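A.B. asks: Structure provided below as structure tokens; questions to follow.
Read the figures in this text as sums done on the coordinates, not as results from a lab. Given the structure is predicted, the values throughout are model-derived calculations rather than measurements. We place every Cβ from the backbone using ideal geometry, glycine too, and count neighbours over all the protein chains shown.
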Amino acid sequence: MDLAELVDVQYEPLKPVRNIDDALKNESLVFEELGTNIVQSQVIEYGQMPSGPRELELNLYWSRSSGNPIETFAAIAYPEGNGVTIISNLQGGKSITAEIERSLGIPIKHVPVRHGGGSFGSKFSLVRYLIILAYAAYKFKTPIKWVETRTEHLMASNSSGPERRFRIKAYFDGDGIVKGLDISIWEDAGASRSSGQAFKPPLGILAGPYKIRNLRYNATVVATNKNPPAGAFRCWNAPPHTWALERVMDAIADELNVDRAEVRRRNLIDSFPYEAPYAYYDSGNPKGLLELALSRNDLFSLRDGNTGVGIAVSTDPSTPQGTEGIKLRIRNGKIVVGLGFGGEGQGNEHTAVKLVSQLLDVPMDWVTYEYLPSDESPEAFGPGGSRMAVFTAGAVLGAVEELRARLYNKAVRVLGSNITYERGGTSALVMVGKSVFSSLAMRRSPSHTPRRRRSVGT
């Protein structure tokens with residue numbers, strides 16, 4: 001008999017902590033060892049709150065949104081050599097794999113796969129499960145396969161957007177010029193001890209595109225019994241804050257009976273560079289963008305009793321810092337773009353193929369892509385935070401320039417130093433094809449047989 005069968009576990013139900021109000025009462029604690037449901041708090045102040053001449057207070061609520069991808073978390077982990085190999089639909093590429101290695105202290109090889117949905121952050125949180133699966137596979141020397149159920153995903157995937165309550169007091173004059181904002185927020189972090197969502201982006205865009213210099217930001221993060229939004233999901237932080245600022249502008253306009261666009265004009269930053277108390281704005285034209293939006297009479301003409309058309313002016317934090325790498329190889333008559341992340345249905349891999357095709361001036365059917373395992377991939381993070389246009393395009397450009405340089409050096413070794421470089425046509429592929437690109441050159445046209453010549457093009 002298994003001794004575990006003799007153990008009788010009796011549970012005493014506790015009152016659930018359903019929302020921010022329940023959490024602040026501290027009648028039932030999510031983490032009893034903390035003695036409170038408040039898990040984080042911080043007050044940031046710039047300038048000094050004015051005492052009028054006018055003021056109003058808004059109480060707002062941003063409701064939670066949750067990821068529900070077509071394909072839930074899934075992984076296979078098996079021991080290999082002195083470490084573990086993982087095949088999964090993890091979002092995050094090689095950079096997230098490094099977290100598993102740091103946690104377990106063993107080599108981890110991650111093989112990314114194309115998966116059905118899950119960008120916008122929901123698949124980042126798979127890393128927590130992969131740490132456990134890799135540990136079990138390593139400890140017990142056996143392969144493990146795990147596929148998350150839909151119920152498990154909705155209950156504990158760590159992939160919910162922010163849930164936030166605002167209390168904002170705005171101080172402004174008779175012209176609608178905002179003199180100060182006193183912002184208090186309460187963030188529902190679910191069953192988690194922290195949430196960066198309440199702090200990171202808002203602290204960089206406290207007043208958004210508006211020239212407001214007296215600011216107070218009081219953030220309180222509470223734990224509840226919900227699925228934690230400790231991971232990432234669409235609307236990760238900046239949109240709730242922007243929405244609250246825009247509600248303030250609308251409320252001031254309504255209070256003064258002034259056009260909502262006009263109140264925004266009077267408060268928008270109008271000279272760049274602009275040094276806010278909390279950040280440096282190097283460039284921009286928010287007033288110009290507002291006028292461009294207002295010129296869309298085709299949209300505003302849709303307003304009627306059933307259709308509303310509003311305006312909003314926002315400042316989004318810049319693309320997250322980080323590194324993205326790709327590998328370019330020539331294999332079996334193809335230029336192969338190696339990516340360190342799995343496809344998520346957004347077409348990033350096809351964008352990379354298109355860029356390589358254009359930059360090398362070759363047909364797209366000469367270029368293909370592959371997902372690289374972490375032990376072959378350069379540093380890669382993949383989609384997240386609207387970063388792909390900046391990071392992946394830059395990586396492709398750098399790799400293409402390096403490939404050009406290597407092909408040129410190869411041509412010099414084969415043909416001698418008297419080489420000219422010209423853009424366009426098939427000359428580079430034809431010429432260098434003699435030693436490197438022969439299959440590609442032959443494919444383009446039977447008349448373009450590789451031969452010695454003195455021009456190199458891309």
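A.B. asks: What distance in nm separates the simple spin-label points at Ser283 and Asp254, each placed 7 Å from Cα in the Cβ direction?
C.D. replies: 3.8
A.B. asks: May I pose another question? Mind sorting Arg413, Arg216 by how few other Cβ atoms lie within 10 Å of their own Cβ, fewest first? Can you show the working numbers first?
C.D. replies: Details: Arg413 10, Arg216 18.
So the residues, fewest neighbours to most, are Arg413, Arg216.
A.B. asks: With +1 on the Cβ of every Lys and Arg and -1 on the Cβ of every Asp and Glu, and nothing else charged, how large is the dipole of the stretch 1-68 about its Cα centre, in debye rounded to the nearest 20? Please report the intermediate quantities before stating the final value.
C.D. replies: On the way: 5 positive and 12 negative charges, 108 e Å.
Computed about the Cα centre, the dipole is about 520 debye.
A.B. asks: So which lysines can Lys334 reach, going by Cα to Cα under 20 Å and dropping same-chain residues fewer than 8 places off?
C.D. replies: Reachable lysines: Lys354, Lys410, Lys434.
A.B. asks: Taking every DSSP beta bridge that has both residues in the chain, what percent is antiparallel when rounded to the nearest 5? The partial results should precede the final answer.
C.D. replies: Numbers: 46 of 66 bridges.
Among the beta bridges of the chain, antiparallel pairing accounts for roughly 70 percent.
A.B. asks: What stretch of the chain, leaving out the sites themselves, is the longest with no GluC sites (Glu not before Pro) in a DSSP loop having at most 11 other Cβ atoms within 10 Å? Each step should come with its number before you reach the end.
C.D. replies: Values: sites that count: Glu27, Glu422.
With a cap of 11 other Cβ atoms within 10 Å, the longest stretch comes to 28-421.
A.B. asks: Lys141: which lysines have alpha carbons under 29 Å from its alpha carbon, excluding same-chain residues fewer than 8 sequence positions away?
C.D. replies: Output for Lys141: Lys94, Lys109, Lys123.
A.B. asks: Same structure again: What does the C-alpha gyration tensor say about the overall shape of the stretch 260-308? Classify as rounded when a/c is under 1.5, otherwise prolate if a/b is larger than b/c, or oblate. All intermediate terms of the calculation are to be shown ahead of the outcome.
C.D. replies: Details: a/c = 3.46, a/b = 2.60, b/c = 1.33.
Verdict is prolate for the stretch 260-308.
A.B. asks: What list do you get for Ile326, Ile144, Ile106 if you sort them by fewest beta carbons within 10 Å? Walk me through the intermediate numbers first.
C.D. replies: Details: Ile326 25, Ile144 19, Ile106 15.
With the sparsest Cβ surroundings first, the list reads Ile106, Ile144, Ile326.
A.B. asks: If you average the sequence gap of Cα pairs under 8 Å that are 6 or more apart and divide by the length of the chain, what percent do you get for the contact order? Numbers along the way, then the final one.
C.D. replies: Working: 902 pairs, mean separation 74.3, N = 458.
So the answer I get is 16 percent.
A.B. asks: Quick check on the chain: take the gyration tensor over C-alpha atoms, sort the square-rooted eigenvalues as a ≥ b ≥ c, and tell me if it's rounded (a/c under 1.5), prolate or oblate. Please report the intermediate quantities before stating the final value.
C.D. replies: Values: a/c = 2.73, a/b = 1.31, b/c = 2.08.
The shape class here is oblate.
A.B. asks: Under a crude label model (7 Å from the Cα following the beta-carbon direction), how far is Thr323 from Ser63 in nanometres?
C.D. replies: According to this spin-label approximation, the distance is 4.3 nm.
A.B. asks: In addition: Dipole of the chain (Lys/Arg Cβ +1, Asp/Glu Cβ -1, origin at the Cα centre): which of Phe140, Val400, Thr36 lies farthest to the positive side?
C.D. replies: Highest projection toward the positive end goes to Val400.
A.B. asks: Classify the stretch 74-156 from the C-alpha gyration tensor, please: rounded if a/c falls under 1.5, else prolate or oblate depending on whether a/b exceeds b/c. Write out the running numbers ahead of the final one.
C.D. replies: Values: a/c = 1.86, a/b = 1.47, b/c = 1.26.
Because a/c hits 1.5 or more and a/b exceeds b/c, the stretch 74-156 counts as prolate.
A.B. asks: Further, regarding this structure: Looking at the stretch 303-353, which trypsin sites (Lys or Arg not before Pro) are DSSP coil and have at most 16 other C-beta atoms within 10 Å of their C-beta? Write down the numbers at each step before the final one.
C.D. replies: On the way: sites: Arg303, Lys327, Arg329, Arg331, Lys334; in loops: Arg303.
Of the trypsin sites (Lys or Arg not before Pro), the ones in loops of the stretch 303-353 whose Cβ has at most 16 other Cβ atoms within 10 Å are Arg303.
A.B. asks: For Met49 and Asn82, compute 0.36 nm times the residue count separating them, minus their Cα-Cα distance, and round to one decimal in nm.
C.D. replies: 5.9 nm
A.B. asks: Counting only DSSP beta bridges with both residues in the stretch 183-292, tell me the antiparallel percent, nearest 5. Before the final figure, lay out the partial values.
C.D. replies: Working: 3 of 9 bridges.
Once the DSSP bridges in the stretch 183-292 are tallied, antiparallel ones form about 35 percent.
A.B. asks: Taking chymotrypsin sites (Phe, Trp or Tyr not before Pro) that fall in a DSSP loop and have at most 14 other Cβ atoms within 10 Å as cut points, what is the longest piece of the chain between them?
C.D. replies: Details: sites that count: Tyr11, Phe31.
Here the longest segment lacking exposed loop sites spans 32-458.
A.B. asks: Below 29 Å, Cα to Cα, which lysines can Lys287 reach? Residues fewer than 8 away in the same chain don't count.
C.D. replies: Hits, sequence-local ones excluded: Lys169, Lys179, Lys200, Lys211.
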